[in-house]
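Trainee: Shown below is the structure under consideration.
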Amino acid sequence: MRLRLPAERPTEPPTGYKIAHPVLSQDGTRAGFTGVSLGGPLPYAVLDDASCVYGLRHRPPARRCDCGFHCVHDRAAAEALLCTAEHRAAVLLEVSVLGAYIRFERGFRYARQRVRTVTAGPCGCGAGAVALADAGWGRPGWRVLAPACAGCLRGRPSVSLAGFARLAGQGLRVVAGAGAPGAPPGPSAGLTSATEPGVPELAAEAALLQARLDWFQSQLARLGDRGAGGAGQG
């Protein structure tokens, strides 16, 4: 006879930690996350249900499958994953484990989650992040973002930390973590979406607006050239 572990019925949803890449939709109206391992091709929202990445018709987390959201119990264990080269630009998520779950020694595999807090690490230069900027890669319909300081935005498509929280919705908090040791401290370290925007955040918003303005101007110029060409051919 196979012994089964007792079913858990917690009074409050368990808390877990994981890392992910923040993403922005192609039209800039929605924000979410994409995983760093098995479910990477399937971006998810702040509040979302898991689906089987193999396309099987069962409800995650199925016992004989790897499907479902994954997280670890210990925050330090999740932060340790950010040390690897391929995950340096990821962010740390604090999540509520919702729905059915399977508990393991180091974490959970579960059916539904709510992302409560996002902690953005330092910019690639080591300074504290004030925005999430285009990382140079993405998924179909989604642009992957990475933490960036005001000095490194350089006109790249970006969104401020508070702006990302607004687009993601569901009461998400976005926090800027400390800069790398030895780097100039970011002026917005500890800034959350609940605080009033400061100079660095407004600078990030201005850079985003400028990038969009440059795009509109290039589109207008392209349409103007096309119109002139059409008149000549007639």
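The values are calculated or read from the model by the stated rules, or taken from the named source; none is laboratory data. All of these numbers come straight from a predicted model, not from anything done at the bench. Please note: Cβ atoms are built from the backbone with ideal geometry, for glycine as well, and neighbour counts cover all protein chains shown.
Trainee: Would you point out which residue out of VAL46, VAL97 is of a type in the set (A, V, I, L, M), touching a Leu at 6+ places or on another chain (Cβ under 6 Å) and crowded, with 17+ Cβ neighbours inside 10 Å?
Mentor: It is VAL46.
Trainee: Looking at segment 1-48, which of the residues that are at pLDDT 90 or above and of a type in the set (S, T, N, Q) is nearest to the chain's Cα centre (by Cα)? Talk me through it step by step, then tell me what you get.
Mentor: Looking only at segment 1-48, we keep the residues that are at pLDDT 90 or above, and these are 12-36, 43-48.
Going one step further and asking which of them are of a type in the set (S, T, N, Q), we end up with 15, 25-26, 29, 34.
Details: THR15: 18, SER25: 11, GLN26: 14, THR29: 14, THR34: 7 Å.
Per the stated criteria, the residue is THR34.
Trainee: Taking segment 6-54 as the search range and keeping residues that are of a type in the set (A, V, I, L, M) and without any contact (Cβ under 8 Å) to a residue 60 or more places away in the chain, which one is nearest to VAL97 (Cα to Cα)? Full working, then the answer.
Mentor: Initially, segment 6-54 is screened for residues of a type in the set (A, V, I, L, M), giving 7, 19-20, 23-24, 31, 36, 38, 42, 45-47, 50, 53.
When the remaining residues are screened for being without any contact (Cβ under 8 Å) to a residue 60 or more places away in the chain, the result is 7, 36, 38, 42, 53.
Numbers: ALA7: 15, VAL36: 18, LEU38: 18, LEU42: 18, VAL53: 19 Å.
It comes out as ALA7.
Trainee: Oh, and also: Identify, by number, the condition in (1) acidic (Asp, Glu); (2) farther than 21 Å from TRP142 by Cβ; (3) modelled with pLDDT under 95 that ASP74 doesn't meet.
Mentor: Here ASP74 meets the rest and fails (3).
Trainee: Pull up segment 100-123, narrow it to residues that are touching a Gly at 6+ places or on another chain (Cβ under 7 Å) and of a type in the set (D, E, K, R), then point me to the one that is surrounded by the fewest Cβ atoms within 10 Å (Cβ to Cβ). First the steps, then the outcome.
Mentor: To start, the set of residues in segment 100-123 that are touching a Gly at 6+ places or on another chain (Cβ under 7 Å) comprises 107-112, 119-122.
Imposing the further condition that a residue be of a type in the set (D, E, K, R) reduces the set to 109, 112.
On the way: ARG109: 22, ARG112: 18.
Filtering segment 100-123 for residues that are touching a Gly at 6+ places or on another chain (Cβ under 7 Å) and of a type in the set (D, E, K, R), the one surrounded by the fewest Cβ atoms within 10 Å (Cβ to Cβ) comes out as ARG112.
Trainee: Something else now. Any chance you could count how many residues in segment 107-158 are among the hydrophobic types (A, V, I, L, M, F, W, C) and under 23 Å from ALA77 (Cβ atoms)?
Mentor: To start, the set of residues in segment 107-158 that are among the hydrophobic types (A, V, I, L, M, F, W, C) comprises 108, 111, 115, 118, 120, 123, 125, 127, 129-133, 135, 137, 142, 144-146, 148-150, 152-153.
Those still in the list that are under 23 Å from ALA77 (Cβ atoms) too: 108, 111, 115, 118, 120, 129, 146.
The qualifying residues number 7.
Trainee: Scan segment 69-94 for residues that are free of Cβ contacts under 8 Å to residues at least 12 places away in the same chain and either in contact with a Leu (Cβ under 7 Å, 6 or more places away or on another chain) or buried (at least 17 other Cβ atoms within 10 Å of the Cβ) (or both) and report the count. Spell out the reasoning first.
Mentor: Taking segment 69-94 first, the residues free of Cβ contacts under 8 Å to residues at least 12 places away in the same chain are 76, 80, 83-85.
Subsequent filtering for residues that are either in contact with a Leu (Cβ under 7 Å, 6 or more places away or on another chain) or buried (at least 17 other Cβ atoms within 10 Å of the Cβ) (or both) retains none.
Of the residues in that region, 0 qualify.
Trainee: If you don't mind, there's one more thing I want to ask. Return the residues of segment 124-134 that are surrounded by fewer than 19 Cβ atoms within 10 Å (Cβ to Cβ) and of a type in the set (A, V, I, L, M, F, W, C); say none if nothing qualifies.
Mentor: CYS125
Trainee: For segment 49-66, how many residues meet the condition of being within 20 Å of the chain's Cα centre (by Cα) and buried (at least 19 other Cβ atoms within 10 Å of the Cβ)? Give the derivation first.
Mentor: Just the residues of segment 49-66 that are within 20 Å of the chain's Cα centre (by Cα), to begin with: 49-51, 53.
If we keep only those that are buried (at least 19 other Cβ atoms within 10 Å of the Cβ) as well, we get 50.
Looking only at that region, the number is 1.
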